[in-house]
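Have a look at the structure below, then the notes.
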């Protein structure tokens, strides 16, 4: 008969089941977080002392005070007696005004140049390459100052250039004929946007049906009805006038029409041309990433050139194009903050003025960060959604 | 819309019979392959010829190249018709070196040459060894001695008198030299298994990348004094340099993270099997491979923040762009900013173009 030899008790470990690795990990984390907290605490306590020494109360109460700063050119109505909060909103409006239009124009221009770089025409592809190389290798701020100097060197309003009838280019900026938009006109435009959304849904349904039974269903009658006829009916019913307002020179300045101030115009040109050079490279590499077999197969099917580009090449190229394009859009938006160098009042410029006037440094910077993080996240969110939509659906 | 060349790697000549004059053949395939293409070529040629002609007229034929010192009357006479290149010989010392003492300007000039030599040596593949780090430390120390002086019989020059091209190169190079190790640490932190370290790294990278550099620079110039104990303050240039290092660190971290992800899992496992510690594993096995993967994007990042250093203009630091802008405040020369901007743009272009050529060369050879 054997008896079980008494087992030695398990070796006691200092921290129960924790091994050396876990302990090391814990040690490093505590160390790094501790250092980070210590640094932040040090900076924070210094800031608090400094602020109290300067008699600045922290907090966002200053936003309700009268701003008293002039804003020359803005999307929203503003006068210096408005609050800091409203000045900030006006600044955000100005940033978005340049960023959104800049993104649209840069995408169009960049795509054209990217395609030109792949052209069979030697001259065109060389010119596109020179455009890309030159603009990419010169700092944006330098280009911006350059455009602004050119704007200021334009003739005065009385001797303005008129490239086309009704369009004036002078040191007052670019003046275009425009349709004044009142609430009635906005209602009609709103209907058109709504019609577009409904059309999009209808078209999706039609395509789904075609997928099921193979019968093509034309979508254009719906487009005509929803996007053209519906707003037109609204317009007639409400009796909206769409009279174009032509700018006129009166005295030393222009009256009527739409004015793009020189600062805005210079910023827009600089951002669009600079970003388009990067977008051109993205589009070029996207198109080149489509394997040659796809071109050959489309040719072999006898597809028309435009159909081939739209239905075969572009959908595949877009998968490569969209992710880097997102970061270019983000860059353009962030670069719009260079506006401060030429005096276009975007959100950074207004925050900077606020900071100088009130001394509320932390709050002003926090607001800038909040605005840009919100814009960045919205762009990323939209582009991720779009990217998921066009992504390859594997079987 | 133009026709897209089917594929750049197809030899074009192969698609057409090889007969006739080679020049005519080249013209036919590359400029006049079809009627719309031919029309396009003619239009482009006309526009290009017109552009080159009017630029040559303004920039060469009617230009004023030299004037007696500090006399811009010849330039004023040619204004609107010809360029005033005379402003460059008049102002180049100020544009390149700012307010650095005039007789000592050989020192920043030598520093610029040292920077160029340093960049050139760093591109040599044969020198990609540990000694390169020593070379960098040595060169940067030598440049500091040259710029500051105060030893070896060199007169001391305080950094608020520095300006121009050396400042641009200092901001970019020191940004890289300190941002790179920071970027490596943050990239490792972002891939670490330890949640606290990972989230700190993510927070840092996303916060910095989410806001424009301009706001970071404002923060450095306005808020830094608030953060520090009363009475303690550091120079404006150094504060901007810190902002650029933090900025560079976040962007470099993302590039290096891409490289870390490209290292196969087996490499990590093999290093673990050898019983290497975390740091030795990364230093000896993972990082050398990861960084080799991402050298082209690293060069591109460097180009990007070489250009971005020009933003310090906004907080009033005398880099190359600021000295250029200041040079044309002089009332006599005020109207000739376009010429100065073209000159400075050419300097930036030479640096960036050389780097982008190099990066493209690396991309082409790394696949082999």
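The values are calculated or read from the model by the stated rules, or taken from the named source; none is laboratory data. Everything numeric here is computed off the predicted structure, so don't read it as measured data. With ideal geometry, Cβ positions are generated from the backbone for all residues, glycine too; neighbour counts draw on all protein chains shown.
Some notes on this structure:
- Which listed residue is surrounded by 18 or more Cβ atoms within 10 Å (Cβ to Cβ), within 11 Å of chain B (Cβ to nearest Cβ) and over 20 Å from residue A:74 (Cβ atoms), from A:305, A:284, A:292: A:284
- In region A:135-154, residue nearest to the chain's Cα centre (by Cα) [restricted to those that are assigned to a loop (DSSP other than H, G, I, E, B) and at the interface with chain B (Cβ under 7 Å from one of its Cβ atoms)]: A:139
Yes/no matrix, rows are residues, columns are (1) loosely packed, with under 15 Cβ neighbours inside 10 Å; (2) touching a strand residue (DSSP E or B) at 6+ places or on another chain (Cβ under 6 Å); (3) within 14 Å of another protein chain (Cβ to nearest Cβ):
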residue	(1), (2), (3)
A:112	no, no, yes
A:118	no, yes, yes
A:128	no, no, yes
A:166	no, no, no
A:179	yes, no, no
A:196	yes, no, no
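Here's the yes/no breakdown for (1) crowded, with 23+ Cβ neighbours inside 10 Å; (2) under 27 Å from residue A:40 (Cα atoms):
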residue: A:343; (1), (2): no, no
residue: A:354; (1), (2): yes, yes
residue: A:358; (1), (2): no, yes
residue: A:361; (1), (2): yes, yes
residue: A:375; (1), (2): no, yes
residue: A:379; (1), (2): no, no
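- Criterion violated by residue A:67 - all others in (1) within 13 Å of another protein chain (Cβ to nearest Cβ); (2) farther than 30 Å from residue B:192 by Cα; (3) modelled with pLDDT under 75 satisfied: (1)
- Residue selection: residue A:141 fails the criterion of being in contact with a helix residue (DSSP H, G or I) (Cβ under 6 Å, 6 or more places away or on another chain), surrounded by fewer than 20 Cβ atoms within 10 Å (Cβ to Cβ) and over 30 Å from residue B:42 (Cα atoms).
- Meets criteria (in contact with a helix residue (DSSP H, G or I) (Cβ under 6 Å, 6 or more places away or on another chain), at pLDDT 85 or above and facing another protein chain (nearest Cβ under 7 Å)) for residue B:313: yes
- Residue match in region B:106-119 (condition: in a loop (DSSP other than H, G, I, E, B) and surrounded by fewer than 17 Cβ atoms within 10 Å (Cβ to Cβ)): no
So that you can scan it fast, the table gives a plain yes or no per residue for (1) closer than 30 Å to residue A:283 by Cβ; (2) modelled with pLDDT of 80 or more; (3) in a helix (DSSP H, G or I):
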position	(1), (2), (3)
B:7	yes, no, no
B:25	no, yes, yes
B:38	yes, yes, yes
B:41	yes, yes, yes
B:45	yes, yes, yes
B:50	yes, yes, yes
B:53	no, yes, yes
B:75	no, no, yes
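- Condition broken by residue B:306, with the remaining ones in (1) facing chain A (nearest Cβ under 7 Å); (2) in contact (Cβ under 8 Å) with a residue 12 or more places away in the chain; (3) crowded, with 19+ Cβ neighbours inside 10 Å satisfied: (1)
- Residue in region B:169-179 that is under 30 Å from residue A:356 (Cβ atoms), over 22 Å from the mean Cα position of the chain (by Cα) and modelled with pLDDT of 85 or more present: no
- Filter result for residue A:132 (assigned to a helix (DSSP H, G or I), under 22 Å from residue A:274 (Cα atoms) and more than 10 Å from chain B (Cβ to nearest Cβ)): yes
- Residue within region A:84-92 that is more than 30 Å from residue A:63 (Cα to Cα) and outside any loop (DSSP other than H, G, I, E, B) present: no
- Annotation: residue B:292 fulfils all but one of (1) within 12 Å of another protein chain (Cβ to nearest Cβ); (2) modelled with pLDDT under 85; the unmet one is (1).
- In region B:337-354, the condition of being more than 9 Å from every other protein chain (Cβ to nearest Cβ), over 17 Å from the mean Cα position of the chain (by Cα) and at negative phi is met by at least one residue.
- Residue match in region B:324-335 (condition: crowded, with 18+ Cβ neighbours inside 10 Å, in contact with a strand residue (DSSP E or B) (Cβ under 6 Å, 6 or more places away or on another chain), under 26 Å from residue B:73 (Cβ atoms) and more than 10 Å from every other protein chain (Cβ to nearest Cβ)): no
- Selection count, region B:130-180, where residues are surrounded by fewer than 15 Cβ atoms within 10 Å (Cβ to Cβ) and closer than 17 Å to residue B:298 by Cα: 2
- The sole residue among A:86, A:161 that is more than 12 Å from every other protein chain (Cβ to nearest Cβ), closer than 30 Å to residue B:346 by Cβ, surrounded by fewer than 21 Cβ atoms within 10 Å (Cβ to Cβ) and without any contact (Cβ under 8 Å) to a residue 24 or more places away in the chain is A:161.
- For region A:1-46, the set of residues classified as in contact with a helix residue (DSSP H, G or I) (Cβ under 9 Å, 6 or more places away or on another chain) and at pLDDT 80 or above consists of A:28, A:29, A:30, A:32, A:33, A:36, A:42, A:43, A:44, A:46, listed by residue number.
- In region B:35-72, the qualifying residues are those that are touching a helix residue (DSSP H, G or I) at 6+ places or on another chain (Cβ under 6 Å) and facing chain A (nearest Cβ under 10 Å), and the one that is surrounded by the fewest Cβ atoms within 10 Å (Cβ to Cβ) is B:44.
- A single entry from A:259, A:191 fulfils the requirement of being in a strand (DSSP E or B), within 28 Å of the chain's Cα centre (by Cα) and surrounded by 16 or more Cβ atoms within 10 Å (Cβ to Cβ): A:259.
- Filter pass, residue B:267 being surrounded by fewer than 19 Cβ atoms within 10 Å (Cβ to Cβ) and in contact with a helix residue (DSSP H, G or I) (Cβ under 8 Å, 6 or more places away or on another chain): yes
- Of the residues examined, residue A:187 is not one that is more than 20 Å from residue A:256 (Cβ to Cβ) and within 12 Å of another protein chain (Cβ to nearest Cβ).
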